[in-house]
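Beneath this line is the structure, given in structure tokens, with notes to follow.
The values are calculated or read from the model by the stated rules, or taken from the named source; none is laboratory data. The model shown is predicted, which means the values in this text are computed figures rather than measured ones. Positions of Cβ are backbone-derived with ideal geometry, glycine not excepted, and every protein chain shown enters the neighbour counts. Calculation scope for accessible area: heavy atoms of the full protein, side chains included, ligands and nucleic acids excluded. Shrake-Rupley method; radii C 1.70, N 1.55, O 1.52, S 1.80 Å.
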Amino acid sequence: STELGGGGGVSPAAIDIAEHGVMRLLHHVGVTKRPLTDRLPEDCRLIKRVPSRDYIYAETSERGLFEPFVGLGDRVEAGQTTGLIHFTTAPWREPQPVIAKSDGVILCRRIPARTGLGDCVFVLGKDWTA
């Protein structure tokens, strides 16, 4: 089983990766005698989730729509603006930046866009070191 994108959607790139992965797996476990693809697997990177206090949260007093600036696998640094919250009940207000409080790699992002105070908008991880 695999998750191919999350959020109720999938991309052509994710489907392509999954198809070649299944072909490599079928050969690896002996279902096929010869490889079904000559594409090499992607490099593997081990990442551990950071404590929840280091996730990125909405810190707005009013609900709005979250616009992410970063995506899954992107590296963020403390102090970086990772998105904006747009206020739908007061569209003339400037959007509120959503700031990372620590460094990390984006592992998961909020779906749906409707966001309020305290909602987790990004889960962060860090490279695994032995």
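Could you tell me which residue of the range 46-62 is farthest from Thr129 (Cα to Cα), considering only residues that are open to solvent by less than 70 Å² (accessible area, probe 1.4 Å) and among the hydrophobic types (A, V, I, L, M, F, W, C)?
Ala58
Tell me yes or no: at least one residue of the range 21-35 is surrounded by 14 or more Cβ atoms within 10 Å (Cβ to Cβ) and under 26 Å from Gly125 (Cα atoms).
There is at least one residue in the range 21-35 that is surrounded by 14 or more Cβ atoms within 10 Å (Cβ to Cβ) and under 26 Å from Gly125 (Cα atoms).
Identify, from the list Asp54, Asp43, the residue that is under 21 Å from the mean Cα position of the chain (by Cα), under 23 Å from Cys120 (Cβ atoms) and of a type in the set (Asp, Glu). So that I can check it myself, show each step before the final result.
Numbers: Asp43 fails: under 23 Å from Cys120 (Cβ atoms).
Step by step, each of Asp54, Asp43 is checked, and only Asp54 is under 21 Å from the mean Cα position of the chain (by Cα), under 23 Å from Cys120 (Cβ atoms) and of a type in the set (Asp, Glu).
Only residues that are under 18 Å from the mean Cα position of the chain (by Cα) and not aliphatic (A, V, I, L, M): list them for the range 82-117, please.
Thr82, Gly83, Lys101, Ser102, Asp103, Gly104, Cys108, Arg109, Arg110, Pro112, Arg114, Thr115
Considering only residues that are of a type in the set (D, E, K, R) and under 17 Å from Arg49 (Cβ atoms), look in the range 63-93 and name the one that is least open to solvent (accessible area, probe 1.4 Å).
Of everything passing the filter in the range 63-93, Asp74 is least open to solvent (accessible area, probe 1.4 Å).
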